[in-house]
């Protein structure tokens, strides 16, 4: 099929706390698995108050994020140049390859973030403090 239409509630929720190999212990809807995407990773991440994706980077993947619900504190930038930014519904941010990024739900309600990553490769998180920035 050249197209598919789905409601969010029809995409299965996965509790990552049940999967030892995949931190953090959050809940996701793996839209890329549901749609079987070829060129990008696509996830809805669900955060209870205080939950976070820790500061990390990727070797190849560029990621775009969009806050659907909740209030977040973002940690963005290369090691030693990190900036903290507040982000609420309607906020986008992007992380290029080898640039550190992480975010925490600082609100009192559940937060939901859409994450789009390309290329669609297995690109586990790297420690941004260990990357050579080319200088």
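The table for this structure:
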read-out: Odd one out for residue 34 among (1) under 20 Å from residue 112 (Cα atoms); (2) surrounded by fewer than 16 Cβ atoms within 10 Å (Cβ to Cβ); (3) in contact with a strand residue (DSSP E or B) (Cβ under 8 Å, 6 or more places away or on another chain); value: (3)
read-out: Members of the range 54-90 that are without any contact (Cβ under 8 Å) to a residue 12 or more places away in the chain and under 21 Å from residue 108 (Cβ atoms); value: 84
read-out: Wholly within the range 48-97, strands (runs of 3 or more DSSP E) carrying at least 3 residues that are under 13 Å from the mean Cα position of the chain (by Cα) and at pLDDT below 95; value: 52-56
read-out: Verdict on residue 80 being exposed (fewer than 14 other Cβ atoms within 10 Å of the Cβ), touching a helix residue (DSSP H, G or I) at 6+ places or on another chain (Cβ under 9 Å) and over 21 Å from residue 7 (Cα atoms); value: yes
read-out: Qualifying residue in the range 107-128 (condition: assigned to a strand (DSSP E or B), more than 13 Å from the chain's Cα centre (by Cα) and buried (at least 16 other Cβ atoms within 10 Å of the Cβ)); value: no
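Listed here are the residues, each with its yes/no results for (1) within 18 Å of residue 41 (Cα to Cα); (2) touching a strand residue (DSSP E or B) at 6+ places or on another chain (Cβ under 8 Å).
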| residue | (1), (2) |
| --- | --- |
| 69 | no, yes |
| 76 | no, yes |
| 85 | no, yes |
| 104 | no, yes |
| 108 | no, no |
| 113 | yes, yes |
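The values are calculated or read from the model by the stated rules, or taken from the named source; none is laboratory data. All of these numbers come straight from a predicted model, not from anything done at the bench. Methodologically, a virtual Cβ is constructed for each residue, glycine included, from the backbone with ideal geometry; neighbour enumeration extends over all protein chains shown.
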